[in-house]
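See structure below.
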Amino acid sequence: QNDVGILAMEIYFPPTCVQQEALEAHDGVSKGKYTIGLGQDCMAFCADTEDVISMSLTAVSSLLEKYKIDPKQIGRLEVGSETVIDKSKSIKTFLMQIFEEEGNTDIEGVDSTNACYGGTAALFNAVNWVESSSWDGRYGLVVCTDSAVYAEGPARPTGGAAAMAMLIGPNAPIAFESKFRGSHMAHVYDFYKPNLASEYPVVDGKLSQTCYLMALDSCYKRFCAKFEKLQGDQFSMSDADYFVFHSPYNKLVQKSFARLYFMDFLRNASSIEEAAKEKLAPFSSLTGDESYANRELEKTSQQVAKQLYDVKVQPTTLIPKQIGNMYTVSLYAAFASLIHNKHSALDGKRVVMFSYGSGLTSTMFSFQLREGQYPFSLSNIASVMDVTGKLESRQEVTPDSFIQTLQLMEHRYGAKDFVTSKDRSLLAAGTFYLTQVDTMYRRFYARK
Ligand code: ACO
């Protein structure tokens, strides 16, 4: 098949959010810690009527309706998520309700899980299926869905929630360059969820930042090596128009791009200008480990990379800054921000994507973009997603009310025999919501 990739996208995030500035004041941390220190503006969260299943039901239904896709045309459905609601029954099986109604139960695929990487694993599975001999000519559908919540403490402002649905097939406006993939996978305890009675992860924040940057280096080296082997030329940052990163918080994205800049400097790549070379020269003899810990290098490389960051990364940051970490959705929400901001100017552009999931799994891969044909065109994807409309119709709540919701959800996690709030006034028409969990832990959803 030619140009296998993403044909259509739809994103959903909860209408409830809390401003990071208000959280700073509430938590008693220094002003600017979350907004400048972490680089975040706002954080979305699920109220008791929403969860990863309802959000993905909404994203999938909306995608099928807005692009006029007959549910019978879906042959594979893959879900990526790290939010555990059931240790056996997949989220995919809940989504089957949409397809069963239309008489389609012939759909392969289940859930993929490894921290924030599950969405990428799901996407690769669907793309590989379309490229394989078992492909039956129908579309693949990939769903990423997560609710990121942390225990009280420094990680709490890095939560978020969203679901993304992506339609997969040939002749896509967002086509995989499948030959240029670099992965790095290893065994680390940086962020994990060993306590099955709690929704909160155990997280070593500092270690997770270093693991992320080491994985980035390693993936970039492999990505460059594959590119060079196939194309015969050295790869540098100049060969990609945009870089999209898994975005737990924006500061890490700034550091990541600066890190790639430093890598290009070390590789003596053509992308680095003379003035920047001089500034980075004092750091050229640091060992890898020293370089991750060096604050001067971090500052200097961010400084020299700033101009390129504004062009190649800044357009990808809107949704992650407004919603927060969406785990498996994060990378694709960053990519959706690019389409939202630049859809009319993306024809012929190459986009490099970096996916990271703690524990750890990571891959760097790339897309080749073209405008495409309606309904599978970049401009139509931007208009369907309606990011501005969705962001503007949100309701800000106070930090106290956010924390009350988290407390309620702590009690509800793993619980049975309860009904959810009858107030669904904030939910837009067409949104799915959780109505009840019965005495057998069965979950029931309805649509507004
Ligand atoms: N004004 C401006 N900047 C400030 C201010 C202020 N008033 N106060 C602090 N800062 C800066 C700090 O200098 C630091 O910036 P730097 O990294 O450039 O030095 C930044 O704010 C964060 O402050 P710290 O004290 O270093 O970190 P903190 O203890 O708040 O924890 C962390 C931050 C580790 C990111 C925490 O939120 C966390 O554990 N998050 C979850 C883990 C995570 O997201 N890891 C990323 C990859 S894994 C994943 O995706 C889950």
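No value in this document is a laboratory result; all are computed from the given coordinates. Just so you know, these numbers come straight off a predicted model, no measurement behind them. Positions of Cβ are generated from backbone atoms using ideal geometry, with glycine treated the same way; all protein chains shown enter the neighbour counts.
Computed values, structure above
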quantity: Tensor-based shape of the stretch 99-197 (alpha-carbon gyration tensor, a/c under 1.5 rounded, otherwise prolate or oblate); calculated: prolate
quantity: Fewest-first ranking of HIS26, HIS340, HIS187, HIS411, using other Cβ atoms within 10 Å as the exposure measure; calculated: HIS187, HIS411, HIS26, HIS340
quantity: Computed FRET value (nearest 0.05) for VAL84 with GLU273, which takes r as the C-beta separation and R₀ as 45 Å; calculated: 0.40
quantity: Hits among aspartates and glutamates - C-alpha to C-alpha of LYS179 under 16 Å, sequence gap 8 or more where chains match; calculated: ASP3, GLU131, GLU228, ASP233, ASP239
quantity: Set of lysines with alpha-carbon distance to LYS31 below 25 Å, sequence-local pairs under 8 removed; calculated: LYS206, LYS251, LYS255, LYS299, LYS306, LYS321
quantity: Given charges at Cβ of Lys, Arg, Asp, Glu: the chain dipole, positive-most of VAL18, GLY182, LEU280; calculated: LEU280
quantity: Dipole moment magnitude, nearest 20 debye, the chain about Cα centre, only Lys, Arg, Asp, Glu C-beta charged; calculated: 320 debye
quantity: Translational diffusion of the chain, µm² s⁻¹ [Kirkwood Rh, Cα pairs; Stokes-Einstein; 37 °C; 0.692 mPa s]; calculated: 148 µm²/s
quantity: Relative contact order (percent, whole number), the stretch 5-447, Cα cutoff 8 Å, 6+ residue spacing; calculated: 24 percent
quantity: For the stretch 270-328 versus the stretch 96-129, the gap between their alpha-carbon centres in whole angstrom; calculated: 35 Å
quantity: Environment charge at GLY119 (Cβ cut-off 10 Å; Lys +1, Arg +1, Asp -1, Glu -1); calculated: -3
quantity: Whole-angstrom Cα spans of the stretch 137-180 along principal axes, big to small; calculated: 48, 25, 14
quantity: Residues ALA225 and GLU296, FRET efficiency given R0 of 22 Å [Cβ-Cβ distance, rounded to 0.05]; calculated: 0.15
quantity: Highest-first arrangement of 432-445, 211-224, 246-259, 283-296, where packing means the average Cβ count within 10 Å; calculated: 246-259, 211-224, 432-445, 283-296
quantity: Cβ-based exposure ranking for ASP106, ASP264, in which fewest neighbours within 10 Å come first; calculated: ASP106, ASP264
quantity: Sequence ranges 141-147, 362-368, ranked by mean other-Cβ count within 10 angstrom, highest first; calculated: 141-147, 362-368
quantity: The chain, helix-only ellipticity at 222 nm - DSSP H runs n ≥ 4, -39,500 (n - 2.57), divided by all residues, nearest 500; calculated: -11500 deg cm²/dmol
quantity: Value of D in µm² per second that Stokes-Einstein yields for the stretch 1-40, Kirkwood Rh from Cα pairs, at 25 °C (0.890 mPa s); calculated: 185 µm²/s
quantity: Tensor-based shape of the stretch 273-428 (alpha-carbon gyration tensor, a/c under 1.5 rounded, otherwise prolate or oblate); calculated: oblate
quantity: Sparsely packed GluC sites (Glu not before Pro) within the stretch 56-152, loop by DSSP, other Cβ within 10 Å at most 11; calculated: GLU101, GLU152
quantity: Cβ-defined net charge surrounding PRO248, 14 Å radius [Lys, Arg +1; Asp, Glu -1]; calculated: +1
quantity: Net charge of Cβ neighbours under 12 Å - reference VAL84; Lys, Arg +1; Asp, Glu -1; calculated: -3
